[in-house]
Amino acid sequence: MIRYKVSAAREQRPAGSTPFHEYVFDDGTVWTEFYRVATGYLLRFPNLADFEVSADGTKVTAHPAGDTGATTVEHLYLNQLVPLALSRQGRPAFHASVVTVPGGCVAFLGKSGMGKSTLAASFALADAAFLTDDALIVEERDGTILAIPSHASLRLWEDSVEVLIDPDAARAGPISYSDKARLLAGDALNYRDRPTPLLAAYLLQAEDPAAVTIRPLGGADRHLAWVENSFLLDIQDQVLLARHFGWTHRIAGQVPTYALDYPRDYDRLAEVRQAIQQHVSGPRDSGRSRHQVVPPA
């Protein structure tokens, strides 16, 4: 549970200290600065907004910067602050999109730009549904790992929208820091709004092969796939880190995890969906031995 409020806009004055952590894009642009303050944490998105987070992650207050619009602030909260605050509460959160398959759901792990949202949209436009676009929250109930639904929208670049999405599909308002379209769930874009057993996870690779290739990850590689795609508010809190590593170790032990290579070709998305659905419907043996290659159509 997070208590959230939006306060008045304010200037982003110097924080009075150096950030203990930063998110930085490949081009060197700083996306998020993490500061410690008396009440907990300050997360700064330069020229967009500041967010104050309580020490226990249960309270978040947004302070827009300048003329940052309400839609942009809300989007930052939902996509960035919620998983980070929940991680502070000891609830695991990961960079992943999630879609349904017969009997449960599967997650696509990977950093921004790896194709998670495009895959999620492809499933949601067919005979499946999406649970989340970019932040996977998990819970363990009676020995089962469940994926928890997030907000009912997907973000896609316009080239993907032009190929995949009906021009009349509902969209949320634009956000100032990205040209991605935010598409709302509806009659065509199917959404699952209830916790669903997580049957497998696929770590997206950066290659563009001729065939869909799925190979199992085991041992350290399997655990690392979850660790490297974690949301963590405080990477220096040793108690929190120990708890989170324990969680990721348990999740990696219970959720079969694979590396997924596939052709980056819109015309072959149906082939990719079919390969994943066939793979996850086969014998689930913790993912340590099965290897599948699907020849190009």
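Listed values, structure above:
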quantity	calculated
Share of alpha-carbon pairs per 10 Å distance bin for the chain, given as whole %	6, 27, 34, 24, 8, 1
Candidates S117, S160, S178: whichever shows maximal mean-square fluctuation once the chain is modelled as a Gaussian network with Cα springs under 10 Å	S178
Per residue, in Å², the accessible surface of the chain once ligands and nucleic acids are set aside, probe 1.4 Å	46 Å²
Among G173, G16, G110: highest mean-square fluctuation, GNM of the chain, C-alpha pairs under 10 Å	G16
Relative contact order (%) - criterion: Cα under 8 Å, at least six apart; region: the chain	16 percent
Under 5 Å, built H, 5+ apart or other chain: amide partners of V6	A62
Long-range amide H partners of T257 with built H, under 5 Å	A201, L217
Dimensionless Rg over Rh [the stretch 160-276; C-alpha; Kirkwood]	1.03
Within the chain, helix-based [θ] at 222 nm, where runs of 4 or more DSSP H residues each add -39,500 (n - 2.57), nearest 500	-7000 deg cm²/dmol
GNM flexibility winner over the chain from W247, W157, W226 (Cα, springs under 10 Å)	W157
Accessible-area composition of the chain, carbon plus sulfur, in percent [1.4 Å probe]	50 percent
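The values are calculated or read from the model by the stated rules, or taken from the named source; none is laboratory data. Keep in mind the model is a prediction, meaning the values are calculated, not measured. For accessibility, only protein heavy atoms count, side chains too; no ligands or nucleic acids. Shrake-Rupley method; radii C 1.70, N 1.55, O 1.52, S 1.80 Å.
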